[in-house]
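To start, the structure itself, in structure tokens.
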Amino acid sequence: MPPADPASPGEPRREQLLNAADRVVQREGPGASMNAIAAEAGITKPILYRHFGDRNGLIRALTERHTSGLLAAVRAALNEPLERRDRVEHVLDTYLAGIEARPQVYRLLTHPEAGDPVGAGNALAPALKQIAEEITRAVQSQVDLGADGPLLSETWGRGITGMVLAAGDWWLETKPCSRTRMVQALADLLWGRLAAAAELPSALPPAPAPPD
């Protein structure tokens, strides 16, 4: 008879298993095994498979958990009522802080394992596409880029995402400077055309009401 899999009071069993997987990945890195995760959770592998199907299913669940939080944080940062340069730095810092908080989980989601060119290592790709779309929409709605606005917004959304992904990956691996300094370096690179463009009227704060 297979071991029981009782629900834990106060926390869904699935969340308990994902918490255990998080802890093991943080300790052991992207190569964390299903055996180690099951042992951490105090269950057998069949119970883990019952919840997630296989290792790729577990990785997809971890991906959804971490990328949904990262996307929400980036979206909130893009909409902060800050001066444009401050908003740029805030968005960059939000992303770098997110990957710095769980570096081993980030590596699991971005670096393919040997013999797995389309599996775990590409798990973050859909979230990066969404981040690019969020940046595109923010630029379109906040910055006046003239007749080339649609093209430039799309180009910048994807270009900024790719640049920050590559730079963040290198920064996390080598830590050549503080996060604050890295944010400033990336913001300096982005700042040229952004600094020169005017705000769209819809992005400006409303004028104060005249006194009675």
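Taken together, the values in this text are just the output of simple stated rules run on the coordinates, not laboratory data. All values reported here derive from a predicted model rather than from experimental measurement. All Cβ positions, even for glycine, are placed from backbone atoms using ideal geometry, and neighbour counts span all protein chains on display.
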- Hull shadow area, averaged, the stretch 36-116 [alpha-carbon convex hull, nm²]: 6.8 nm²
- How much length is gained if the chain between Leu151 and Arg179 is pulled fully straight, taking 0.36 nm per residue apart and subtracting their Cα-Cα distance, in nm to one decimal? 7.0 nm
- Task: At 0.36 nm per residue, minus the direct Cα-Cα distance, what do Trp191 and Ala166 gain on full extension? Give it in nm, one decimal, please.
- Result: 7.2 nm
- Virtual spin-label span in nm between Ala39 and Ala72, 7 Å along Cα→Cβ: 3.3 nm
- In nm, the gap between the two label points placed 7 Å beyond Cα toward Cβ at Leu200 and Asn19 is 4.3 nm
- Message: Distance between the C-alpha centers of the stretch 118-185 and the stretch 63-97? Whole Å please.
- Response: 11 Å
- Task: Would you mind getting me the FRET efficiency between His111 and Ser141? Use the beta-carbon distance for r and R0 = 25 Å, nearest 0.05.
- Result: 0.15
- Note on the structure: In nm, the gap between the two label points placed 7 Å beyond Cα toward Cβ at Arg65 and Arg27 is 1.5 nm
- Task: Indicate the gyration tensor shape class of the stretch 45-84 (rounded, prolate or oblate), computed on the Cα atoms with a ≥ b ≥ c the square roots of the eigenvalues: a/c under 1.5 is rounded; otherwise a/b larger than b/c is prolate and the rest oblate.
- Result: prolate
